[in-house]
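**Q** My questions all concern the structure below.
The values are calculated or read from the model by the stated rules, or taken from the named source; none is laboratory data. Computed from a prediction, not measured in an experiment: that's the story for all the values here. Note: ideal-geometry Cβ built from the backbone for every residue, glycine included; neighbour counts use all protein chains shown. Side chains are part of the model used for accessible areas, which takes the heavy atoms of the whole protein and leaves out ligands, DNA and RNA. Shrake-Rupley method; radii C 1.70, N 1.55, O 1.52, S 1.80 Å.
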Amino acid sequence: MYIARTITELKNHLAQAKNIGFVPTMGALHDGHISLIQESVSRNLYTVASIFVNPTQFNNAADFEKYPIDTEADLKKLKTAGCDLVFLPAKAELYPSEVADQKYIHDFGKLETTIEGAYRPGHFKGVGQIVHILFECVNPKTAFFGEKDFQQLQVIKRLVKLIGADIEIVGMPTIRESDGLAMSSRNRRLSDENRAASVLLYKALTFAKANIHIMKPSQIKAEVQALFSKDQWLDLEYFEILNPSDFELVEEINPTNAHAVIAAYAGDIRLIDNLKLV
Ligand code: PAF
């Protein structure tokens, strides 16, 4: 497995590679990330992962500073999974100027301002910016993203259309712990109490799935809010049932297309999850 630290090293090494499969990450890798690498490898793609904790997508400075970093362990996991190349750039490689290059700043419309975007202003602009920069560096045929970041996946699909890139975007199912908690790099910072309580996010989603045909979305939401208000370890930020095609909230009972999304704080750690209901 080759490690490239500069864009020049990366491009030199990729010059001969065809059919690149790309998995951008912020490191602290877990089985969810590894499933993306394995999917790329199983498609016989030359598999490139990047590890870069992107400052422009953090709307909360403390979250950025505390973001877990474990590069040695990450490299071992990537090698074992069959990754061919890891791009490990320093900030100055990707952001040579403190002033943002407007070429990489995109307007994702409602997708960046609603639900998750409303609680994390600027977050999806930063995601679009870094993913566009990385796509230019790596020039992949296919790129893989986890469905756990449901809205991010839609933003990336929109990005590819906006920039007219011929890149197939593949969303991969969320990988869960045995109790249902969605795997996330931030989970490793949870205290034992918060870790135990965090299963409530998945319980809320499965409750919604079980009841979507018999309860109104507003009733489901009220039940979920009640569940969280009884829990001393978690603070619900939002729970919504939306139509994934336009991100409009679903109001009617027994909808034909509905997805539940949730965000909650366990202490200072923000957790998100989502589930297709119909
Ligand atoms: O999902 C992530 O880890 C990040 O948002 C991404 C796509 C690597 C961009 O920094």
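**Q** Determine which member of the set V48, V53 is closer than 20 Å to M183 by Cβ and of a type in the set (A, V, I, L, M, F, W, C).
**A** Going through V48, V53 in turn, just one is closer than 20 Å to M183 by Cβ and of a type in the set (A, V, I, L, M, F, W, C): V53.
**Q** Taking A210 as meeting all but one of (1) closer than 17 Å to Y238 by Cβ; (2) surrounded by fewer than 20 Cβ atoms within 10 Å (Cβ to Cβ); (3) hydrophobic (A, V, I, L, M, F, W, C), write down the number of the exception.
**A** Among (1) closer than 17 Å to Y238 by Cβ; (2) surrounded by fewer than 20 Cβ atoms within 10 Å (Cβ to Cβ); (3) hydrophobic (A, V, I, L, M, F, W, C), A210 violates only (1).
**Q** Criterion first (within 21 Å of L159 (Cα to Cα), touching a strand residue (DSSP E or B) at 6+ places or on another chain (Cβ under 6 Å) and within 13 Å of the ligand (Cβ to nearest atom)) does I51 satisfy it? Give the steps one after another, and end with the answer.
**A** Working: within 21 Å of L159 (Cα to Cα): yes; touching a strand residue (DSSP E or B) at 6+ places or on another chain (Cβ under 6 Å): yes; within 13 Å of the ligand (Cβ to nearest atom): yes.
It is true that I51 is within 21 Å of L159 (Cα to Cα), touching a strand residue (DSSP E or B) at 6+ places or on another chain (Cβ under 6 Å) and within 13 Å of the ligand (Cβ to nearest atom).
**Q** What is the number of the single condition among (1) more than 19 Å from H132 (Cβ to Cβ); (2) modelled with pLDDT of 95 or more that N60 does not meet?
**A** The one condition N60 does not meet is (2).
**Q** Could I ask something else about it? Any residue that is open to solvent by 10 Å² or more (accessible area, probe 1.4 Å), closer than 27 Å to L236 by Cβ, of a type in the set (D, E) and within 16 Å of the ligand (Cβ to nearest atom) - is there at least one of those in segment 89-100?
**A** Checking segment 89-100: not a single residue is open to solvent by 10 Å² or more (accessible area, probe 1.4 Å), closer than 27 Å to L236 by Cβ, of a type in the set (D, E) and within 16 Å of the ligand (Cβ to nearest atom).
**Q** Yes or no: segment 130-151 includes at least one residue that is part of a helix (DSSP H, G or I), near the ligand (Cβ under 9 Å from one of its atoms) and in contact with a Ser or Thr (Cβ under 7 Å, 6 or more places away or on another chain).
**A** Narrowing segment 130-151 to residues part of a helix (DSSP H, G or I): 130-138, 150-151.
Among the residues that remain, those that are also near the ligand (Cβ under 9 Å from one of its atoms) are: 130-131, 134.
If we keep only those that are in contact with a Ser or Thr (Cβ under 7 Å, 6 or more places away or on another chain) as well, we get 130, 134.
Yes: one or more hits.
**Q** Something else now. Of (1) open to solvent by less than 40 Å² (accessible area, probe 1.4 Å); (2) within 16 Å of the chain's Cα centre (by Cα); (3) under 26 Å from K125 (Cβ atoms), Y104 satisfies all except one. Which?
**A** With respect to (1) open to solvent by less than 40 Å² (accessible area, probe 1.4 Å); (2) within 16 Å of the chain's Cα centre (by Cα); (3) under 26 Å from K125 (Cβ atoms), Y104 is out only on (2).
**Q** What's the total number of residues in segment 13-41 that are in a helix (DSSP H, G or I) and either more than 16 Å from the ligand (Cβ to nearest atom) or at positive phi (or both)? Break it down stepwise before answering.
**A** First, pick out the residues of segment 13-41 that are in a helix (DSSP H, G or I): 13-14, 31-41.
Applying the additional criterion that residues be either more than 16 Å from the ligand (Cβ to nearest atom) or at positive phi (or both) yields 13-14, 38, 41.
Residues meeting the conditions: 4.
**Q** Oh, and also: Among the numbered criteria (1) open to solvent by 20 Å² or more (accessible area, probe 1.4 Å); (2) farther than 21 Å from I269 by Cβ; (3) within 16 Å of the ligand (Cβ to nearest atom), which single criterion is violated by D84?
**A** Tallying (1) open to solvent by 20 Å² or more (accessible area, probe 1.4 Å); (2) farther than 21 Å from I269 by Cβ; (3) within 16 Å of the ligand (Cβ to nearest atom), D84 fails exactly one: (3).
**Q** Related question: If a residue has to be touching a Gly at 6+ places or on another chain (Cβ under 7 Å) and of a type in the set (G, A, S) to count, how many in segment 61-106 make the cut?
**A** Of segment 61-106, the ones touching a Gly at 6+ places or on another chain (Cβ under 7 Å) are 69-71, 74, 106.
Still in the list and also of a type in the set (G, A, S): none.
Counting residues in segment 61-106 that are touching a Gly at 6+ places or on another chain (Cβ under 7 Å) and of a type in the set (G, A, S) gives 0.
**Q** Now, a different point. Check whether at least one residue in segment 134-147 is farther than 20 Å from I20 by Cβ and either within 13 Å of the chain's Cα centre (by Cα) or open to solvent by 10 Å² or more (accessible area, probe 1.4 Å) (or both), and report yes or no. Steps first, please.
**A** The initial filter retains those residues of segment 134-147 that are farther than 20 Å from I20 by Cβ, namely 147.
Applying the additional criterion that residues be either within 13 Å of the chain's Cα centre (by Cα) or open to solvent by 10 Å² or more (accessible area, probe 1.4 Å) (or both) yields 147.
Yes, some residue in segment 134-147 is farther than 20 Å from I20 by Cβ and either within 13 Å of the chain's Cα centre (by Cα) or open to solvent by 10 Å² or more (accessible area, probe 1.4 Å) (or both).
**Q** Report, by residue number, each residue of segment 152-199 that is within 13 Å of the chain's Cα centre (by Cα) and away from the ligand (no atom under 14 Å from the Cβ).
**A** P173 - this is the single residue of segment 152-199 that is within 13 Å of the chain's Cα centre (by Cα) and away from the ligand (no atom under 14 Å from the Cβ).
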